[in-house]
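Before any comments, here is the structure.
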Amino acid sequence: MLNKKGVLAIDELRGILTFMFVAVIFLLIFYACSVNNAKQEYEKLKFSKEDIEATTVLNSFSGTLVGEEKKVSDVIVEAYLSKNYDYLNKLAMEHFGNLKDSTAYRAYDYWILKISDDSITYDSINYNSYPNRYCASGGGSETYITARDENLQLIKLKVNLFITHKCY
C-alpha cells in the first residue's frame, strides 16, 4: 500500500524483496535439478549406445565364417565340448586384437570374451594372462548358444563380450 505521501511503505518493500529472493532461489534449484536429470538421461543413452555396439560386434564375431560351412559360434560349441579353447582364442585375437601388443591396431582398447555354462569355462583375460585394467566405460553384450553334448543333453552356453574405448 501507499503511505500518506504516495510512496511505498518500507514494510511492503521488505516483503516484496523476500518473495523475490525466495522465488529466485526456487528457480535456481529447479534449474539445477533439470540439468542433473538431463545429464543422467544422456549417460543412459550413451551406455545404451555402447551396449548396442557391443551386441553388434558380438553378433558379427559369432557369425563370422571359419571355413566353408562353419561359423565362430560352431567353434565356440566345439571348444566347449573338447575343453580346448586354443583355436577359439586365436580367432578372437585375430578379430579383436592382442592386448599385449601395444603397437597393434585394435578397434577397442580393451575387450573381454567370456563363455560360461553354470561356471565360467573361458575368459579371455585369464586365458591369455592379461593384466587386469581399470576401464572407465564400456558396453557389454550377452547371447546364448544352445547345443547338444556327447550324451545328447541340451546345453546352454552364455557368451559375453565387453568392449571399451578407454582403459587405464
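Taking the number of other C-beta atoms within 10 Å as the exposure measure, put E94, E69 in order starting with the fewest. It would help to have the intermediate numbers written out before the result.
Numbers: E94 10, E69 7.
Neighbour counts put them in this order, fewest first: E69, E94.
Ranked by Cβ crowding within 10 angstrom, fewest neighbours first, how are F30, F96 ordered? Please report the intermediate quantities before stating the final value.
Details: F30 10, F96 20.
Lowest to highest Cβ neighbour count: F30, F96.
Once you have the Cα-Cα distance between K83 and T143, take 0.36 nm times their residue separation minus that, and quote the gain in nm to one decimal.
Working: separation 60, 0.36 × 60 = 21.60 nm, distance 1.98 nm.
Between K83 and T143, full extension yields an extra 19.6 nm.
For the residues V77, V22, V66, what sequence is obtained by ranking on other C-beta atoms within 10 Å, fewest first? Spell out each step's value before the answer.
Working: V77 19, V22 10, V66 14.
Listing V77, V22, V66 from fewest to most nearby Cβ atoms yields V22, V66, V77.
Where a number appears in this text, it was derived from the coordinates with a stated rule and is not lab data. Note that the structure is a prediction, hence the values are computed from the model and not measured. Note: ideal-geometry Cβ built from the backbone for every residue, glycine included; neighbour counts use all protein chains shown.
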